[in-house]
Amino acid sequence: MMLEVAALRVGYGKAEVVHGVDFGLDAGECVALIGPNGAGKSTILKSICGLVPPISGSIRFLGHSLVGMAGHHIAELGIAMCPEGRQMFPEMTVLENLRMGAYTRRRDDLDESLDEVMALFPRLRERARQDAGTLSGGEQEMVAIARVLMARPKLCIFDEPSLGIAPRVVDEIEETLHKIKASGVTILLVEQAVSMALRVADRAYVLEAGNLVLEGPSAELAQADSVRNAYLGF
Ligand SMILES: Nc1ncnc2c1ncn2[C@@H]1O[C@H](COP(=O)(O)OP(=O)(O)OP(=O)(O)O)[C@@H](O)[C@H]1O
Ligand SMILES: [Mg+2]
């Protein structure tokens, strides 16, 4: 497996919020992690990226143990996260934000990557010199996704890319995720837009109150009564 998480417990202070989860993904896979608000999805992602230290358990990526490793080393190994709420630099232009995404890389092949991400998001080319803070929510999400791709990651982690975005733009984001997947990048996707997540992902895990309660191929989960009732609303 490219990423292997075992018996992972994570918390804040004395409060444990992730109670021992096991999951993994293979190179080239797109795996979704779904579950209600507060289940611990973002916490798991943050612990993979070195932002919240695990209480116990192991996280292995391409043979490296990530537990205790500094965030920038984890990034250098090829993991890039697009955090919840986008978190770009509002007073920097689109172009400057995209360049920030490539800080782990050599300067001379940046232009090629810029061309690639602009091809994926033509609207960003039009808005390259606009301050990112003045973009629409959907456009900001595009910058956030494009910025992650600028790092040429092996594993792309997305935390709720569709949050607070108009349905029409969510369709665009879905299309983009399909394209990223087709380009061979491995994806770990957290999404509240569960039907969308299950269309994009090959497999999915359901996290409830810090425990994984269900897993399987997306097509199967989309048919499971518990998933349909709780997450798909039919
Ligand atoms: N910095 C923090 N300090 C203390 N508690 C936190 C912190 N961040 C998150 N928590 C708590 O940990 C639990 C899990 O939060 P987390 O953000 O991982 O949930 P989530 O599944 O991503 O939810 P959502 O779908 O709303 O984004 C919640 O009860 C939350 O209040
Ligand atoms: Mg979250």
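Some values worked out for this structure:
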read-out	value
Cα-based convex hull volume of the chain per residue, rounded to whole Å³	118
Residues Ile55, Ile44, Ile165, sorted so that the one with the fewest Cβ neighbours within 10 Å comes first	Ile55, Ile165, Ile44
Size of charge dipole - segment 39-184 - debye, nearest 20, with Cβ of Lys, Arg +1 and Asp, Glu -1, no other charges	420
Dipole of segment 88-152 [Lys/Arg +1, Asp/Glu -1 at C-beta], most positive-end residue of Met118, Val148, Leu135	Val148
Separation between Cα centres of segment 1-18 and segment 66-96, rounded to whole Å	20
Loop-exposed trypsin sites (Lys or Arg not before Pro) per DSSP, neighbour cap 10 Cβ within 10 angstrom, longest uninterrupted part of the chain	130-234
Segment 88-152: mean projected area of Cα convex hull, nm²	3.7
Electrostatic dipole magnitude of segment 88-152 [Cβ: Lys, Arg +1; Asp, Glu -1; Cα centre; debye, to 20]	100
Least to most buried among Thr134, Thr93 (fewest other Cβ within 10 Å first)	Thr134, Thr93
Where GluC sites (Glu not before Pro) fall in DSSP loop in segment 57-111, at most 15 other Cβ within 10 Å	Glu91
Cα-based shape type of segment 36-162, given that a ≥ b ≥ c are square roots of the gyration tensor eigenvalues and the cut on a/c is 1.5	oblate
Listed residue (Leu77, Pro53, Leu95) projecting farthest to the positive dipole end of the chain, Cβ model	Pro53
Segment 98-204 shape via C-alpha gyration tensor axes, a/c threshold 1.5	oblate
Nonlocal amide H pairs with Met81, under 5 Å, H built at 1.01 Å	Ile157
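Every read-out reported here was derived from the displayed coordinates using simple, explicitly stated rules and does not represent laboratory data. Note that the structure is predicted; figures quoted are calculated from it, not measured. Cβ atoms come from the backbone with ideal geometry, glycine included; neighbour counts cover every protein chain shown.
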